[in-house]
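Read-outs: derived from the displayed coordinates by stated rules, not from any lab. Please read all numbers here as calculations on a predicted model, not as lab measurements. Every residue, glycine as well, gets a Cβ built from its backbone with ideal geometry; the counts of neighbours run over all protein chains shown.
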Amino acid sequence: MAKTDVVVIGGGPAGYVAARRLGQLGVETVLVEKEHLGGTCLNRGCIPTKALYAATLPLGKTELYRRMGLDFSARVDLPSLRTFLSQVVENLRSGVARLLAASKVEILRGEGRVLKPGEVEVVSDAKTERIEAKAIVLALGSMPVELPSLPFDGERVWSSDHALALPKIPERMVVVGGGVVGLELATVFRRLGAKITVVEMMDGLLPGLGLSRRGEAFLRQSLQRQGIEIRLKTKAAGLTKGGLLVEGEKREEIEAEVILVAVGRRPLSQGLADLGLKLEKGFVVTDEDFCAGPGIYAIGDLRGGALLAHKASHEGLLLAETLAAELRGETPATEKPKAIPWTVFTDPPVAMVGVSVDTPGLKVARFPFSALGRAWAEGEPEGFVTIAVDEAGKIVGAEIVGPEASELIAEAALAVELELSLGDLAKVVHAHPTFPEALWEAALAALGRPLHIM
């Protein structure tokens with residue numbers, strides 16, 4: 001039986017990052033992956049979605065470009081679009097393999113299964129082998145939730161995996177779920193020419209993320225102006241011959257060629273309870289150092305919380321540092337982050353970090369993009385930046401709805417993580433004309449020194 005220090009099962013953002021860092025720290029590491037390196041995010045999630053978002057961006061800006069004096073028409077070449085996506089994914093996937101090789105991480109292709117603490121079995125088409133390890137890291141990830149009334153078939157009922165394979169551009173599509181995945185794919189397919197209806201059971205979009213009432217209303221109205229129909233407090237009840245049966249204010253059919261179900265993801269935790277690991281709603285329960293049982297650790301989507309690639313990667317880094325220290329007989333000295341940002345690639349994009357800006361008792365500073373020179377220069381003066389501070393004047397949350405939100409949130413996350421005050425943010429010189437000036441202007445306004453707003 002082969003022996004190693006650490007076996008990592010799962011080559012997604014949590015697993016490959018943990019393996020890469022362990023290798024850098026001189027820990028002998030084996031990474032087991034049954035499909036492709038990069039996991040869901042790289043292959044069937046974050047990366048192809050954002051590549052599609054970028055590729056279709058001009059299709060959503062034709063009216064804006066016309067106002068700028070640029071009139072053009074575009075034709076969607078679906079095979080070329082698929083090729084573009086596959087090239088992006090393959091380039092990044094190859095990069096991950098090179099990084100792991102540079103850190104001397106051994107990659108085993110096959111399905112990894114924990115037989116008992118300290119022993120893993122890897123099954124592939126070629127052979128079955130067992131590995132003894134001092135520590136086992138589970139980074140198995142998650143998969144789309146399937147509704148009993150709408151089982152995935154890849155034809156009429158799609159998961160996000162099916163949608164990102166771009167089998168066709170349906171004339172009419174119903175998106176079941178008004179969360180991050182549903183709204184991002186609704187945005188992309190609307191740009192591609194599909195007529196979109198979003199069906200959401202809750203009374204607002206992006207439920208559970210802590211988006212403010214103002215932010216949710218602004219996003220909903222913006223999506224509706226793009227031609228995306230929004231049905232809130234509406235439940236998907238099942239397929240009909242011509243579309244989807246829904247139950248809301250009334251029971252009715254929505255005509256659709258394709259139903260895209262995007263109601264969340266579930267962890268790939270089957271069989272782990274047999275090892276004595278504790279599960280809650282399918283997620284593996286761990287302590288603050290990611291330990292799920294003697295010599296067994298869980299990171300990423302498998303342990304729940306925010307199902308985000310960047311959160312998973314950070315857990316991989318933290319666990320690698322902890323394991324490397326323990327194997328050297330040292331006391332780990334890792335510090336857990338406080339700020340985990342969210343980004344949603346809709347039009348306009350949305351980003352949040354820290355506590356909700358609607359939290360009672362917080363002071364809120366807001367600055368509209370309509371008062372920002374760069375936003376006008378880009379032809380997108382709609383949206384706003386909101387910063388929330390506590391009684392001590394520390395920045396504890398932020399919300400951005402508008403252009404470049406996904407990039408702007410990094411500065412807000414830094415402020416929340418380092419517990420900066422409004423004064424700290426206000427004294428930093430921001431280049432002009434740029435979008436980050438909106439954060440600076442919001443801080444100035446909150447301090448009673450507004451520049452470009454009354």
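One line per residue, one yes/no per condition, for (1) of a type in the set (Asp, Glu); (2) buried (at least 16 other Cβ atoms within 10 Å of the Cβ); (3) in contact (Cβ under 8 Å) with a residue 12 or more places away in the chain; (4) over 30 Å from Val6 (Cβ atoms):
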residue	(1), (2), (3), (4)
Leu70	no, no, no, yes
Ser73	no, no, no, yes
Val76	no, no, yes, yes
Gly95	no, no, no, no
Val114	no, yes, yes, no
Ile131	no, yes, yes, no
Pro144	no, yes, yes, no
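Within the range 210-236, being among the aliphatic types (A, V, I, L, M) and surrounded by fewer than 18 Cβ atoms within 10 Å (Cβ to Cβ) holds for Ala217, Leu232. Just checking, how many residues over the range 227-246 are under 23 Å from the mean Cα position of the chain (by Cα) and either assigned to a loop (DSSP other than H, G, I, E, B) or more than 24 Å from Glu146 (Cβ to Cβ) (or both)? Selection size over the range 227-246: 2.
What residue, among those in the range 250-282 that are in a loop (DSSP other than H, G, I, E, B) and in contact (Cβ under 8 Å) with a residue 60 or more places away in the chain, is surrounded by the fewest Cβ atoms within 10 Å (Cβ to Cβ)? That would be Gly271. Being under 20 Å from Leu22 (Cβ atoms), assigned to a strand (DSSP E or B) and aliphatic (A, V, I, L, M) is the filter here; which residues of the range 102-139 pass it? Once the filter is applied, which keeps residues that are under 20 Å from Leu22 (Cβ atoms), assigned to a strand (DSSP E or B) and aliphatic (A, V, I, L, M), the range 102-139 yields Ile107, Leu108, Val114, Val120, Val122, Ile131, Ala133, Ala135, Ile136, Val137, Leu138. Picking from residues in the range 310-367 that are within 15 Å of the chain's Cα centre (by Cα) and part of a strand (DSSP E or B), the one that is surrounded by the fewest Cβ atoms within 10 Å (Cβ to Cβ) is Trp342.
Here Thr29 passes the criteria (1) free of Cβ contacts under 8 Å to residues at least 40 places away in the same chain; (2) touching a helix residue (DSSP H, G or I) at 6+ places or on another chain (Cβ under 8 Å) except the one numbered (1). Report yes if Phe84 is farther than 25 Å from Ser269 by Cβ and either surrounded by 14 or more Cβ atoms within 10 Å (Cβ to Cβ) or in contact with a His (Cβ under 9 Å, 6 or more places away or on another chain) (or both), otherwise no. Answer is yes for this residue. Just so you know, in the range 249-279 the residues that are among the acidic types (Asp, Glu) and under 17 Å from Arg156 (Cβ atoms) include one that is farthest from the chain's Cα centre (by Cα), and it is Glu253.
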